[in-house]
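Notes to accompany the following structure.
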Amino acid sequence: MLIAGYNPAELGDILVTMTAPGTGEQTVEKKGQVVAITAADGQLLGYNFLAASAILPELATGVNGNVDLTAAQVAKLNAAIHEAGFTAELTAALTPHFQVGYVEKMEDHPKSDHLHITTVDLGDHKQQIVSGSPNMQANVKVVVANVGTMMPSGSIIWPGALLGVESNGMICSGRELHLKGAPQKPGALILPDDFAPVGAAFDFTKGNELFA
């Protein structure tokens, strides 16, 4: 799992990467322009890259929030890691963090009057997501934030369970995606049928035109 986020307005020119959730005691070690965060047992939790745009100049072109790193970009980060003197490498994620999904099935949560259990088709696989969106329904296209995604707010999507029901990922609203003009209220973003194929990476540029 590889999560990457870049928010220059809040953090400056720092690329934050995470490989596992951090709980308990952590060790922070800085070498050059790379900061390694490890758990008490030595497990790598992630790296922070200072002056990140010097490694990946494309970050300076307006990236803000979650970053889908390509294999080539991860290779450049790993080169910086080795140059700084660390050994543990990052591995590129193969699945887009935000994908177009199709809600194939929906049923009410047995222990809640507002949660719904959905089965979402993501092209090459299906996954169960518990959603509290008041407009949730079957047979619609939505935007799914997969496990390991950093949301525009900075929060991380981890696997979990809601009232005892497993949930992997989140069905997003336009507000949660920080789309221009999106209604500032709860409710899943229902995509037009012709927006993109199921399983495709969500196009934020195109998404920002939905409420124009």
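The values are calculated or read from the model by the stated rules, or taken from the named source; none is laboratory data. Fair warning: this is a prediction, and the values are worked out from it, not measured in the lab. Don't worry about glycine lacking a Cβ; one is built from the backbone with ideal geometry, like all the others, and counts go over all protein chains shown. Note: areas computed on protein heavy atoms with side chains; ligands, DNA, RNA excluded. Shrake-Rupley method; radii C 1.70, N 1.55, O 1.52, S 1.80 Å.
Test residue 90 against the criterion of being outside the structural domain of residue 68 (by the TED database) and open to solvent by less than 20 Å² (accessible area, probe 1.4 Å), and give yes or no. Walk me through it before giving the result.
On the way: outside the structural domain of residue 68 (by the TED database): yes; open to solvent by less than 20 Å² (accessible area, probe 1.4 Å): yes.
Yes; evaluated as a whole, the condition is true for this residue.
How many residues does region 66-99 hold that are of a type in the set (Phe, Trp, Tyr) and within 11 Å of the chain's Cα centre (by Cα)? Break it down stepwise before answering.
At the first step, the residues of region 66-99 found to be of a type in the set (Phe, Trp, Tyr) are 86, 98.
Restricting the remaining residues to those that are within 11 Å of the chain's Cα centre (by Cα) gives 98.
Counting residues in region 66-99 that are of a type in the set (Phe, Trp, Tyr) and within 11 Å of the chain's Cα centre (by Cα) gives 1.
If you take the residues in region 157-167 that are open to solvent by 40 Å² or more (accessible area, probe 1.4 Å) and assigned to a strand (DSSP E or B), which one is nearest to residue 198 (Cα to Cα)? Steps first, please.
Start the filter on region 157-167 by keeping residues that are open to solvent by 40 Å² or more (accessible area, probe 1.4 Å), which leaves 158-159, 161-164, 166.
Retained after the next criterion (residues that are assigned to a strand (DSSP E or B)): 161-162, 166.
Details: 161: 25, 162: 25, 166: 22 Å.
The residue in question is 166.
Can you name the residue in region 111-130 that is closer than 23 Å to residue 68 by Cβ and in contact (Cβ under 8 Å) with a residue 24 or more places away in the chain and is also most open to solvent (accessible area, probe 1.4 Å) among such residues? Steps first, please.
To start, the set of residues in region 111-130 that are closer than 23 Å to residue 68 by Cβ comprises 120-127, 129.
From what's left, in contact (Cβ under 8 Å) with a residue 24 or more places away in the chain: 120-124, 127, 129.
Working: 120: 0, 121: 36, 122: 3, 123: 54, 124: 128, 127: 33, 129: 0 Å².
Only one residue fits best here, namely 124.
I want to confirm something. Restricting to region 14-35 and keeping residues that are part of a loop (DSSP other than H, G, I, E, B) and modelled with pLDDT of 95 or more, which single residue is nearest to residue 55 (Cα to Cα)? Let's see the steps before the verdict.
First, the residues of region 14-35 that are part of a loop (DSSP other than H, G, I, E, B): 19-25, 32-33.
Next, from what is left, pick out any that are modelled with pLDDT of 95 or more: 32-33.
Values: 32: 13, 33: 10 Å.
Per the criteria, the residue is 33.
Could you list all residues from region 182-202 that are among the small types (Gly, Ala, Ser) and either touching a Leu at 6+ places or on another chain (Cβ under 8 Å) or closer than 22 Å to residue 108 by Cβ (or both)? Can you show your working first?
Taking region 182-202 first, the residues among the small types (Gly, Ala, Ser) are 182, 187-188, 196, 199-201.
Residues satisfying the conditions are 182, 187, 188, 199.
State yes or no: is residue 99 surrounded by fewer than 18 Cβ atoms within 10 Å (Cβ to Cβ) and not in a loop (DSSP other than H, G, I, E, B)?
Working: surrounded by fewer than 18 Cβ atoms within 10 Å (Cβ to Cβ): no; not in a loop (DSSP other than H, G, I, E, B): yes.
Spelling it out, it is not the case that residue 99 is surrounded by fewer than 18 Cβ atoms within 10 Å (Cβ to Cβ) and not in a loop (DSSP other than H, G, I, E, B).
Condition check: assigned to a strand (DSSP E or B), within 30 Å of residue 179 (Cβ to Cβ), open to solvent by less than 70 Å² (accessible area, probe 1.4 Å) and modelled with pLDDT under 90. Does residue 5 satisfy that?
Numbers: assigned to a strand (DSSP E or B): yes; within 30 Å of residue 179 (Cβ to Cβ): yes; open to solvent by less than 70 Å² (accessible area, probe 1.4 Å): yes; modelled with pLDDT under 90: yes.
Yes: the conditions hold for residue 5.
Answer with yes or no whether residue 29 is more than 26 Å from residue 177 (Cα to Cα) and charged (D, E, K, R). Talk me through it step by step, then tell me what you get.
Numbers: more than 26 Å from residue 177 (Cα to Cα): yes; charged (D, E, K, R): yes.
Here the answer is yes, as residue 29 does meet what is asked.
Enumerate the pairs (first residue in region 30-47 and in the same structural domain as residue 79 (by the TED database); second residue anywhere and of a type in the set (S, T, N, Q) and part of a loop (DSSP other than H, G, I, E, B)) with beta-carbon separation below 6 Å, excluding pairs fewer than 6 apart on the same chain, so at least 6 apart or on different chains.
Note: pairs meeting the criteria are 44/19; 46/19.
Being open to solvent by 60 Å² or more (accessible area, probe 1.4 Å) and assigned to a loop (DSSP other than H, G, I, E, B) is the filter here; which residues of region 43-81 pass it? Explain how you work it out, then say what you get.
Step one: of region 43-81, the residues open to solvent by 60 Å² or more (accessible area, probe 1.4 Å) are 43, 54, 57-58, 60-62, 64, 68, 70-72, 76.
43, 62, 64, 68, 70, listed by residue number.
How many residues, within region 129-153, are among the polar types (S, T, N, Q) and assigned to a strand (DSSP E or B)? Outline the logic, then answer.
Just the residues of region 129-153 that are among the polar types (S, T, N, Q), to begin with: 131, 133, 135, 137, 139, 146, 149, 153.
Subsequent filtering for residues that are assigned to a strand (DSSP E or B) retains 131.
Qualifying residue count for the region: 1.
Can you tell me how many residues within region 186-209 are in contact (Cβ under 8 Å) with a residue 40 or more places away in the chain and assigned to a loop (DSSP other than H, G, I, E, B)?
14
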